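One structure is given below, encoded as structure tokens.
The values are calculated or read from the model by the stated rules, or taken from the named source; none is laboratory data. These figures come from a predicted structure and were not determined experimentally. Here the Cβ is made from the backbone with ideal geometry for all residues, glycine too, and neighbour counts use every protein chain on show.
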Amino acid sequence: MFDSGFGGLTVARSTIDLLPNEHLVYIGDTARYPYGSTPLADVRTYARELAWSLVNDFDAKLVVVACNTATAAGLTDLRAELPVPIVDVIAPGAAALVSTTRSGRVGVIGTVGTISSGAYLGAIADTGVPVVLTSAACPGFVEFVERGQTSGDEVMVLAERLLAPVRHAQVDALLLGCTHYPFLARTISDIMGHDVTLVSSADETAFAVRATLHSLGLLRAGPSPGVAQFLSSGDVATFRQLGASLLGPELDHTRPWPLTPATPHRTEQR
């Protein structure tokens, strides 16, 4: 799986917990984050580079686009050209959102790129469930998470301003439409109120991974646990330190990406 940085670690954590026998490779593209304000054509290029690296360098049998902006920008192209199945974070999140609401008023927050793409509008429409959707872009949230600043006055002031549209719409279910946002869940919940259910796509995406692997007969069998590998295109020490605080000790051996020709990397995936 890949993400622009640390956010996809929420998906990685859920996948590791749900599928402990599977090998996992995670690339955080921290050298080029944040994707949210980047032109979608550039994000599409980055997504292709990362996805093809997972296939060619790591023999991935399935690729998870653990980034909402990259999903919105490049999912269609990736599905058309990659030789392996693709699981995204938008469709599972949309399905979870419409199944959670009681009032039919739902909200989605995400990066500028994700919200402006209309990807969630389409995904929610595809569910066939009649809901009223209010969307809000939240520029700045990703940057706070990437700095490890997930609480405090600065975060609260920004969140109060950016969440105003979904609060005024009186939604009862709010989808955290960026994999970074669960790290801000406490602040978001305090502002939205405890009557609003926060929906994260991380667990739903892990379930989608399991269902896809099962349907294709690709689940890894055997008693030995899977191996998790983590790579970063930016500063590895920073990724290792902050990532470990967010996910756990699995990030202690984070390596740089792209790999050098001499770096051993392939893991037998089957």
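Worth a mention:
- Extreme residue, surrounded by the most Cβ atoms within 10 Å (Cβ to Cβ), among residues of segment 163-186 that are in a loop (DSSP other than H, G, I, E, B) and modelled with pLDDT of 95 or more: 171
- Scanning segment 136-162 for residues that are at pLDDT 95 or above and in contact with a Pro (Cβ under 8 Å, 6 or more places away or on another chain) returns 136, 162.
- Total residues in segment 190-246 satisfying the condition of being closer than 30 Å to residue 107 by Cβ and in contact with a Phe, Trp or Tyr (Cβ under 9 Å, 6 or more places away or on another chain): the figure is 5.
- Lone qualifier among 160, 204, 154 - being under 14 Å from the mean Cα position of the chain (by Cα) and either part of a helix (DSSP H, G or I) or small (Gly, Ala, Ser) (or both): 204
- Condition met for residue 212 (assigned to a helix (DSSP H, G or I) and in contact with a Gly (Cβ under 9 Å, 6 or more places away or on another chain)): no
- On inspection, residue 251 passes the criterion of being modelled with pLDDT under 95, in contact with a strand residue (DSSP E or B) (Cβ under 8 Å, 6 or more places away or on another chain), of a type in the set (A, V, I, L, M, F, W, C) and assigned to a helix (DSSP H, G or I).
- Residues of segment 42-64 include at least one that is modelled with pLDDT of 95 or more and closer than 28 Å to residue 196 by Cβ.
- Pairs, first over 16 Å from residue 98 (Cβ atoms) in segment 163-174, second part of a helix (DSSP H, G or I), C-beta under 8 Å, six or more apart: 163/188; 163/191; 163/192; 167/191; 167/192
- Of all residues making up segment 7-29, the number that are of a type outside the set (A, V, I, L, M), closer than 19 Å to residue 110 by Cβ and in contact with a strand residue (DSSP E or B) (Cβ under 7 Å, 6 or more places away or on another chain): 4
- Segments classed as strands (runs of 3 or more DSSP E), wholly inside segment 1-90, with at least 1 members that are within 19 Å of residue 182 (Cβ to Cβ) and of a type in the set (Ser, Thr, Tyr): 24-28
- Checking residue 118 against (1) more than 22 Å from residue 12 (Cα to Cα); (2) under 15 Å from the mean Cα position of the chain (by Cα), the condition it does not meet: (2)
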